[in-house]
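To keep things clear, I will list the structure first and then write my remarks on it.
Quick note: the coordinates plus some simple rules give every number you see, no bench work behind them. Bear in mind the structure is a predicted one, so any value in this text is a computation, not a measurement. Here the Cβ positions follow ideal geometry from the backbone for every residue, glycine too, while neighbour counts run over all protein chains shown.
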Amino acid sequence: MVRYQYQGKEYYGIVEEDEIIQLSSYFIEIINNDLKINKNNKRLKYNEVKILEPVKTSKVINFV
């Protein structure tokens, strides 16, 4: 599982060899194991995308 950016948008995908299969699911569906993978899912080469951090932080708390 990978979070990546392609053409200015963020997506989740599954890495398969040198390709990423773009998921048509929202993150909550992925967590609930309700993946939607079919033959119509876009396949991108690993070097065509920018790999992002696994999760997007919503806030940072400093305990000083």
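Key figures for this structure:
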| item | result |
| --- | --- |
| Residue tally, condition acidic (Asp, Glu) and under 23 Å from Thr57 (Cα atoms), over segment 1-33 | 2 |
| Residue in segment 22-45 that is among the small types (Gly, Ala, Ser) and surrounded by fewer than 10 Cβ atoms within 10 Å (Cβ to Cβ) present | no |
| Positions within segment 46-64 being surrounded by 11 or more Cβ atoms within 10 Å (Cβ to Cβ) and not charged (D, E, K, R), in sequence order | Tyr46, Val49, Ile51, Leu52 |
| Count of segment 1-21 residues which are over 16 Å from Val55 (Cβ atoms), in contact with a Phe, Trp or Tyr (Cβ under 9 Å, 6 or more places away or on another chain) and surrounded by 10 or more Cβ atoms within 10 Å (Cβ to Cβ) | 3 |
